[in-house]
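Worksheet: one structure, shown below.
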Amino acid sequence: MIVAIVNGKGGVGKSTLTAQLALRAAQECERVAIVDADPQGSLRLFYKLRQKEVGADELRNPELFEGDDEVLDAVDKLKIAGFDIIFIDTAPLSVRGIREALEACTFALIPLKPSHADLASTNDTITLANDADRPFGLVFNDVDQHQMTMAKNAQQYAVSALGAHVFDTMVGHRVAFVRAQNTGLSVRQIEGSKGKGSNEIEALWAEVKTAIKAGVAKSGKAQGGKAKGGKS
């Protein structure tokens, strides 16, 4: 399973979601890796912070892969090494980088915020995913509690106007996620297993796995043809 977290727009929380989903996946799989294809190096910084907080065993899973400039080369090496789940964090504003990540992945997760600008730019990323013939799903991320009505309307718009598969789970704008990124920890380690952020990552990871197993196809439609209407 190779999951690319992509969107041509910056500031949508790709690196945070990559780290948190990889940490969640590592709870059930011993060979999880992250490829940091973002020149900003947010995940490399995350791992430097993580080194101060956890033991060697936790640091090895998920493992941050370093050493190749090309995503396809990195993914090939990780597959040969026997990694079961690989997450790819990508840079914004890089069509070439997004295309390479889409070519390498088996599923693309497209995070966005509930704004007109995000919806407009995300349409370009959806086009790239369709061109690459890669299954994908949208997740509304970093959603403020006062934006819930706007976010639900945006979910419906993404389904009806963009023809996209949209996950039911929305990830909130939470201090716990900021603290997690600033300490190299999982949101579960920050707020416990019953925290809201932890529950959102749990729910999103479950939806991603279900979508991959169900064969969510290009344009966000399930195999067999019918758009899912925000359900996974």
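The values are calculated or read from the model by the stated rules, or taken from the named source; none is laboratory data. Predicted model, so just to flag it, every value in this text is computed and none were measured. All Cβ positions, even for glycine, are placed from backbone atoms using ideal geometry, and neighbour counts span all protein chains on display. What goes into the accessible areas is simple: the full protein's heavy atoms, side chains included, and nothing from ligands, DNA or RNA. Shrake-Rupley method; radii C 1.70, N 1.55, O 1.52, S 1.80 Å.
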So, in the stretch 83-116, of the ones that are farther than 20 Å from THR16 by Cα and aliphatic (A, V, I, L, M), which residue ends up modelled with the lowest pLDDT? VAL95
Restricting the stretch 103-122 to residues that are more than 16 Å from LYS9 (Cα to Cα) and of a type outside the set (S, T, N, Q), which is most open to solvent (accessible area, probe 1.4 Å)? GLU103
Condition first: free of Cβ contacts under 8 Å to residues at least 40 places away in the same chain and in contact with a Pro (Cβ under 8 Å, 6 or more places away or on another chain). Now tell me which residues in the stretch 123-142 satisfy that. PHE140
Mind checking which residues of the stretch 159-178 are small (Gly, Ala, Ser) and open to solvent by less than 70 Å² (accessible area, probe 1.4 Å)? ALA161, GLY163, ALA164, GLY172, ALA176
Please determine whether any residue of the stretch 28-38 is of a type in the set (Gly, Ala, Ser) and closer than 17 Å to ARG188 by Cα. no
Across the stretch 99-149, the tally of residues that are over 27 Å from ARG174 (Cβ atoms), β-branched (Val, Ile, Thr) and touching a strand residue (DSSP E or B) at 6+ places or on another chain (Cβ under 8 Å) stands at 1
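Checking the condition among the polar types (S, T, N, Q), surrounded by fewer than 16 Cβ atoms within 10 Å (Cβ to Cβ) and in contact (Cβ under 8 Å) with a residue 40 or more places away in the chain, which residue from GLN156, GLN145, GLN181 passes?
Only one candidate passes the filter, namely GLN156.
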Condition first: of a type in the set (Ser, Thr, Tyr) and crowded, with 21+ Cβ neighbours inside 10 Å. Can you find one or more residues in the stretch 45-64 that meet it? no
